[in-house]
Amino acid sequence: MTAKKADFSRLLLKWHKGKNHRKMPWKGEKNPYKIWLSEVILQQTRVQQGWAYYENFLKAFPTIHDLAIAPEQKVFKLWEGLGYYSRCRNLIATAKKIDAEYNGQFPNTYDEILALKGIGPYTAAAIASFAFHLPHAVVDGNVTRVLSRYFGDFTPIDTTAGKKLYTQLADDLLDKEHPDIYNQAIMDFGATICLPRNPLCEDCAQQADCQAWQKGWTTQLPVKEKSIRKKHRWFYYFLVETPDDKVYIRQRTAKDIWEGLFEFVLWETDEPEYFTTNSLPPSDHLRQLFGQQSLTLRYISRVYRQELSHQTIQGQFLTIRLKKTPPSLSDYLLVPRQELTEYAFPKFINAWLLDPTPAQSLF
């Protein structure tokens, strides 16, 4: 038995009409700004986590113009906790472009949408089909998984050949008269039935013609050629205290993780360091930070850890007191501790701010 394209589309739409009960606040939305916002939030974010962020963003910035003119730190603060902060930077840049060049009106052609910063083929297709009823098929992880299994295709989904193949299949299957309904259906089908693990094959509307089901390939498909090798980094953050209970922070500006967010004084190492006394290990970097002066190491936190897509961050927070401020901290902001909540920090630092109990007290 072979997979049938016509039957796939027909059965998918029948399932969507009668059995797709997935609820999301942006489902059925026709406003391109709201669709765009939801798609950006859902990149690398689960629906349940993104739901509240979506509603909070629309409450704070009801229109593209509101987002475009908002202070960037206010936008970053609202984004705090979602991670992948390049999405937030792109959101701001694109809002400003639409506000300035399109008079706040979202462009209504696929090519114009695709040209916007932070918008790829998937997001462009979603906006074009949902908001403007244009016949462009969405192709994301849910879609490629469904198609790979249904057609029993072992072409790796993360290769140029694979992307071309699944894009063509998605276009062939798309209901050109109802692209918005079809795209929503196949995304929901992948998210609720054809799951990455333990798919609900017994309840699947496509079971009769699904090649993965028929041939026992469900756990083998889809195929990915590349395996991610994670980089391991150690971050040691120093809370440099002043007598009036202020601390030094700065904004990360390098093209690296957490760009645009704030942090304390950082010492990054390739291997873990061990602190057992009230003195710091000898290090050229630490000497550059604090000079030759003596310092008091007051607290050391437990080890914190955060898993990112391509790297693992581990580290500790060390509270120290200096006799005088070194020149290396001249570009830092000196802020009262009680005002730290006004700044956007990465999840790694917020985890400590929410639970700063020291592992060791050294005084």
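The values are calculated or read from the model by the stated rules, or taken from the named source; none is laboratory data. This structure is a prediction, so every number in the text was calculated from the model and none was measured. Note that each Cβ is placed from the backbone with ideal geometry, even for glycine, and that neighbours are counted across all protein chains shown. Keep in mind that these areas ignore ligands, DNA and RNA; they rest on the heavy atoms of the full protein, side chains included. Shrake-Rupley method; radii C 1.70, N 1.55, O 1.52, S 1.80 Å.
The residue of the range 106-141 that is nearest to the chain's Cα centre (by Cα), among those that are open to solvent by 10 Å² or more (accessible area, probe 1.4 Å) and among the small types (G, A, S), is G118. Do you know which residues across the range 331-363 are surrounded by 15 or more Cβ atoms within 10 Å (Cβ to Cβ), modelled with pLDDT of 90 or more and outside any loop (DSSP other than H, G, I, E, B)? Within the range 331-363, V335, L340, K347, F348, I349, N350, A351, W352 meet the criteria. Condition first: modelled with pLDDT of 90 or more, closer than 17 Å to T325 by Cβ and open to solvent by 60 Å² or more (accessible area, probe 1.4 Å). Now tell me which residues in the range 257-299 satisfy that. Those that are modelled with pLDDT of 90 or more, closer than 17 Å to T325 by Cβ and open to solvent by 60 Å² or more (accessible area, probe 1.4 Å): none in the range 257-299. Kindly indicate the residue of the range 220-242 that is within 28 Å of the chain's Cα centre (by Cα), part of a loop (DSSP other than H, G, I, E, B) and at pLDDT below 90 and also farthest from K5 (Cα to Cα) among those meeting that condition. Across the range 220-242, the extreme among qualifying residues is K230. Here A254 meets the list (1) in contact (Cβ under 8 Å) with a residue 40 or more places away in the chain; (2) small (G, A, S); (3) assigned to a loop (DSSP other than H, G, I, E, B); (4) open to solvent by 50 Å² or more (accessible area, probe 1.4 Å) almost entirely, failing just condition (1). Across the range 43-56, the qualifying residues are those that are open to solvent by less than 40 Å² (accessible area, probe 1.4 Å) and touching a helix residue (DSSP H, G or I) at 6+ places or on another chain (Cβ under 6 Å), and the one among them that is farthest from S309 (Cα to Cα) is Y54. Filter the range 25-42 down to the residues that are open to solvent by less than 50 Å² (accessible area, probe 1.4 Å) and free of Cβ contacts under 8 Å to residues at least 40 places away in the same chain, then identify the one that is farthest from N142 (Cα to Cα). Looking at residues that are open to solvent by less than 50 Å² (accessible area, probe 1.4 Å) and free of Cβ contacts under 8 Å to residues at least 40 places away in the same chain, I get P25. Taking first residues from the range 190-210 that are under 13 Å from L12 (Cβ atoms) and assigned to a helix (DSSP H, G or I) and partners that are hydroxyl-bearing (S, T, Y) and open to solvent by 30 Å² or more (accessible area, probe 1.4 Å), the Cβ contacts under 9 Å between residues at least 6 apart in sequence or on separate chains come to D209/T2. Candidates in the range 302-327 are the residues that are open to solvent by 40 Å² or more (accessible area, probe 1.4 Å) and part of a strand (DSSP E or B); of these, the one that is farthest from F238 (Cα to Cα) is E307.
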